[in-house]
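Asks: If you scroll down you'll find the structure; I have some questions about it.
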Amino acid sequence: MHFTSEQRLDDGVLERSFTLGDLPGILWTPASAAASAPVPLILLGHPPLGLARMYPRLVGRARSAAAEGFAAATIELPGSGDRPRLPVLEGARAELRRALQAGEPVGDEIIDDLVIPLVDRAVPEWQALLDALLALPEIDGPVGYSGGVISIGVRLAVVEPRIVAAGLFAGSLVPRATFEEARRVAIPLHVLLQWDDEGNDRQASLDLFDAFGSAEKTLQANMGGHTGVPQFAGDDAARFFARHLAGRSDGEAAGTR
């Protein structure tokens, strides 16, 4: 891991851009993080729209994590941002646009071609990122995963034992294989669903939640479209991670200690 730039945000959070091989990413650490007081970590998932476009939302989520005493980090997804285009993904995206413009249903084959190659490439990169971050003296886990693409989160929850809790954003197109993987998920889950998300198959999201094998799983559904997530939903997700990464009760996480 090579840090390429750093800045201190106005709330004391240290933001550092890095490269991991040729993979770009960003790490945020709270002012309290130090080798003598290492902090837990949240991996920030996001849709494949590019880090530059996603940055305003990512830095907001990172600041919220830092307020709870957690580091947060993210990486550019395969085929996104300045990374080389992937023909298999570009072809699938073209098929998706064609189906939507024609008013046709998005079939399983399109979904599989769009999501599975992305998951297969992205998950090992997230695991390599974990290797690098947990080698830093100011970070020691436990580790959570937050965000989308939900199929990436599901795969990580199954194959990566260092991730102990996940907050997932419903709304991604979900391959059939992800439903099978979901049955093997055992870690605590907090799933956020925007009920009126115009790009989401609501029933598929409900079916996926039902498929999760976790003994502790919570579905929070709120009225509104994709970008209308209420502030209190973010607060609830923060309390979820406070419980599972810092061992704090809901009252402590809400500041009522």
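Throughout, read-outs are computed from the coordinates displayed, never taken from laboratory work. The structure presented is a predicted model; accordingly, all values stated were derived computationally and were not measured. FYI the Cβ positions are ideal-geometry reconstructions off the backbone, even for glycines, and counts take in every protein chain you see.
Asks: What is the range 2-253's relative contact order, in percent, from Cα pairs under 8 angstrom and six or more apart in sequence? All intermediate terms of the calculation are to be shown ahead of the outcome.
Replies: Numbers: 456 pairs, mean separation 38.4, N = 252.
It rounds to 15 percent for the range 2-253.
Asks: What ranking do S36, S64 get, fewest neighbouring Cβ atoms within 10 angstrom at the top? Provide the component values of the computation, followed by the final result.
Replies: Details: S36 7, S64 18.
Fewest-to-most Cβ neighbours within 10 Å comes out as S36, S64.
Asks: Over the range 61-120, what is the relative contact order in whole percent, taking alpha-carbon pairs under 8 Å and six or more residues apart?
Replies: Computed over the range 61-120, the figure is 27 percent.
Asks: Determine the distance separating the Cα centre of the range 54-90 from the Cα centre of the range 143-171; give it in Å without decimals.
Replies: Cα centroid of the range 54-90 versus Cα centroid of the range 143-171: 14 Å apart.
Asks: What does the net charge come to around R16 if you take all other residues with beta carbon closer than 14 Å to its beta carbon, with K and R at +1 and D and E at -1?
Replies: Once positives and negatives cancel, what remains is -2.
Asks: Another question, if that's okay. State the label only: which of (1) 12.0; (2) 13.4; (3) 14.4 corresponds to mean projected area of the Cα convex hull in nm² computed from the shown model?
Replies: Given (1) 12.0; (2) 13.4; (3) 14.4, the structure-derived one carries the label (2).
Asks: Give, as a single signed number, the net charge of other residues whose beta carbon lies under 11 Å from the beta carbon of E109, with Lys and Arg counted +1 and Asp and Glu -1.
Replies: Neighbour charge sum, excluding E109 itself: -3.
Asks: When Lys and Arg each count +1 and Asp and Glu each count -1, what net charge do the other residues less than 12 Å away from V39, Cβ to Cβ, add up to?
Replies: Taking every Cβ under 12 Å from that of V39, the sum is -3.
Asks: Could you work out the longest stretch of the chain that avoids the GluC sites (Glu not before Pro) located in DSSP loops with at most 14 other Cβ atoms within 10 Å?
Replies: Longest site-free region, per DSSP loop and neighbour criteria: 1-197.
Asks: Can you find, among S36, Q101, P117, the residue sitting farthest towards the positive end of the charge dipole of the chain, where Lys and Arg contribute +1 and Asp and Glu -1 at Cβ?
Replies: The listed residue farthest towards the positive side: S36.
Asks: I've got another one for you. With springs only between Cα atoms under 10 Å apart, run a GNM on the chain and tell me which of A182, A233, A65 wobbles the most.
Replies: A233
Asks: Through the Karplus equation 6.51 cos²θ - 1.76 cosθ + 1.60, θ set to phi - 60°, convert the phi angles of the range 236-245 into ³J(HN,Hα) values in whole Hz; use x for Gly and Pro.
Replies: Here the 3J(HN,Hα) series is 5, 5, 4, 5, 4, 5, 4, 5, 9, 9 Hz.
Asks: Report, for the chain, the % of DSSP beta bridges that are antiparallel, rounded to 5.
Replies: 45 percent
Asks: Further, regarding this structure: So for D113, D210, fewest C-beta neighbours within 10 Å to most, what's the order?
Replies: Lowest to highest Cβ neighbour count: D210, D113.
Asks: Which FRET efficiency, nearest 0.05, do D112 and S36 yield, Cβ-Cβ r, R0 45 Å?
Replies: Details: r = 48 Å, r/R0 = 1.07.
Efficiency, rounded to the nearest 0.05: 0.40.
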